[in-house]
Amino acid sequence: MKGRMVLTIGVALVISLGIPLLAFQAPAQNRGLSMGSDPLTGTWKGDWGPSASDRNPVTLELKWDGKTLTGTVNPGPEGIALDKASYDPKTMTVKFEVDYKAKNRHYTVEGKVDKDTMTGSWNRSGRNGDFKLTKAKG
């Protein structure tokens, strides 16, 4: 009888402690994250443009260290560094600015991350549009 009571109390503790732990893990799993993973760092590829018929390919390299977001648009010899970049892990929102000096254009960009997809909007004086990027595997 005493052994059965200890077993019953043990099962009750596991159930009462285990269910809240699952509740904390579910939001991260729903966003496509695993414990300790970085949702941003890596290569993102996709397109941007002012309309569905006017699209431009783009690659975005991002690095998130837990506090600071850095990166480059179209990395390489003519890559453009992100400026005023930020990431809010609670809302999964990315914001940054880019100065495309070759054409004297300043862009502001805001997007939301959902698993391995980032979608959002961009604008520069006189024009705006949207973008969609997918995080490269590996």
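Worth a mention:
- Selection count where residues are surrounded by 13 or more Cβ atoms within 10 Å (Cβ to Cβ), touching a residue at least 24 places away in the same chain (Cβ under 8 Å) and outside any strand (DSSP E or B), scope the range 82-107: 2
- For Ser37, the requirement of being at pLDDT below 95, farther than 16 Å from Thr134 by Cβ and within 13 Å of the chain's Cα centre (by Cα) is met.
- Taking the listed residues Gly79, Gly49, the one that is in the same structural domain as Arg127 (by TED's automatic domain parsing), without any contact (Cβ under 8 Å) to a residue 40 or more places away in the chain and touching a strand residue (DSSP E or B) at 6+ places or on another chain (Cβ under 6 Å) is Gly79, with no other qualifying.
- Of the residues making up the range 82-108, those that are of a type outside the set (D, E, K, R) and over 17 Å from Gly42 (Cβ atoms) are Ser86, Thr91, Thr93, Val98, Tyr100, Ala102, Asn104, His106, Tyr107, Thr108.
- Just so you know, in the range 108-132 the residues that are under 20 Å from Pro39 (Cβ atoms) and β-branched (Val, Ile, Thr) include one that is surrounded by the most Cβ atoms within 10 Å (Cβ to Cβ), and it is Val113.
The values are calculated or read from the model by the stated rules, or taken from the named source; none is laboratory data. In this text the structure is predicted, and so the values were computed from the model without any measurement. Methodologically, a virtual Cβ is constructed for each residue, glycine included, from the backbone with ideal geometry; neighbour enumeration extends over all protein chains shown.
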